[in-house]
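Worksheet: one structure, shown below.
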Amino acid sequence: MRMWWIYPLCAYILVCAIATGAFYVNEKRVWACIFKLAASVGFMIIGILSSFLNPVDLRYSAFVLSGLIFCIAGDVMLMLKELFEEKFETRFLLGGIIFFSAAHIIFSAAMIADVGTFNFWLLPLLLVVPIAMLLLHRAHVVTFDKYGFVMILYGIIISMSFLSALNGFIELRSDFYIAMLFAIAFFMISDSALCYTYYGSDINLKRMLNYVVMIFYYVAMILISFSVTLKA
């Protein structure tokens, strides 16, 4: 089946992502949130079309769609954080972390269930991200608040998602898991940049990193939402 519809949807999502970054840089938060929500709806549409037009693995499709729903919920929480920053900033940030954590737990479960086994010797790699975060905090590159432990826990969860994709590639050597490795890696780059925009000190760098956050995040979400088709 020709998947011609993926190209205009990808272009639409990336245009919205770049526009979102531009509006954040120029402190136009309402417009940034509108375009961000539009981009998030785009990857949900890709996930739905991929699942229904190419239903190869219904269990995997259900996992992915559930994860995408949590990602959109996380996007909404972070958008609300930007709109009501002074009063409810911490609540919405924690809500976003919770929803994205749930999404990555679902993605990890989907990949591990697909492979049917897990190489436990990979688990020590879970420490790489939290150690890096602690070192950056000690070096004052980023300065975490009292909820910094939540960010570290989230770092472990997203690392598990990456290791699940790596485990799939080790076991099956499929192009699908190469795509998922890139997807989760892009997600981690986006989250790293986002972390700096929240806790970093260089104002100009924080502003420009908005583009990195949006572009890498939405490329990751395109790959994940289209993964049902890639899996075939």
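Just one of (1) among the charged types (D, E, K, R); (2) in contact with a Gly (Cβ under 9 Å, 6 or more places away or on another chain); (3) under 20 Å from Tyr218 (Cβ atoms) fails for Glu82. It is (2).
Here Gly42 meets the list (1) in a helix (DSSP H, G or I); (2) more than 21 Å from Ala220 (Cα to Cα); (3) not hydroxyl-bearing (Ser, Thr, Tyr) almost entirely, failing just condition (2). In the condition set (1) of a type outside the set (Val, Ile, Thr); (2) assigned to a helix (DSSP H, G or I); (3) over 25 Å from Arg59 (Cα atoms), Phe144 is compliant with all but (2).
For Met111, the test of being in contact with a strand residue (DSSP E or B) (Cβ under 9 Å, 6 or more places away or on another chain) and either assigned to a helix (DSSP H, G or I) or closer than 18 Å to Met221 by Cα (or both) is failed. Within the range 196-232, the set of residues being among the charged types (D, E, K, R) and closer than 30 Å to Asp145 by Cα comprises Asp202, Lys206, Arg207. Of all the listed residues (Ile215, Ile184, Ile131, Ile189), the sole one being touching a Leu at 6+ places or on another chain (Cβ under 8 Å) and not small (Gly, Ala, Ser) is Ile215.
If I filter the range 89-103 for residues that are under 25 Å from Leu163 (Cβ atoms), without any contact (Cβ under 8 Å) to a residue 24 or more places away in the chain, surrounded by 20 or more Cβ atoms within 10 Å (Cβ to Cβ) and in contact with a helix residue (DSSP H, G or I) (Cβ under 7 Å, 6 or more places away or on another chain), do I get at least one hit? Checked the range 89-103: at least one residue is under 25 Å from Leu163 (Cβ atoms), without any contact (Cβ under 8 Å) to a residue 24 or more places away in the chain, surrounded by 20 or more Cβ atoms within 10 Å (Cβ to Cβ) and in contact with a helix residue (DSSP H, G or I) (Cβ under 7 Å, 6 or more places away or on another chain). Quickly run through the range 167-176 and pick out the residues that are in contact with a Phe, Trp or Tyr (Cβ under 8 Å, 6 or more places away or on another chain) and more than 16 Å from Gly67 (Cβ to Cβ). Selection gives Asn167, Phe169. For the condition closer than 17 Å to Cys71 by Cα and either free of Cβ contacts under 8 Å to residues at least 40 places away in the same chain or part of a helix (DSSP H, G or I) (or both), what is the one hit in Phe149, Phe186? After ruling out the rest, the residue left standing is Phe186.
When the range 2-55 is limited to residues that are charged (D, E, K, R) and closer than 21 Å to Lys206 by Cα, the one that is surrounded by the fewest Cβ atoms within 10 Å (Cβ to Cβ) turns out to be Glu27. With respect to the conditions (1) modelled with pLDDT under 90; (2) part of a helix (DSSP H, G or I); (3) surrounded by fewer than 17 Cβ atoms within 10 Å (Cβ to Cβ), Leu122 lacks only one, and its number is (1).
The values are calculated or read from the model by the stated rules, or taken from the named source; none is laboratory data. Quick caveat: nothing in here was measured; it's all calculated off a predicted structure. Note: ideal-geometry Cβ built from the backbone for every residue, glycine included; neighbour counts use all protein chains shown.
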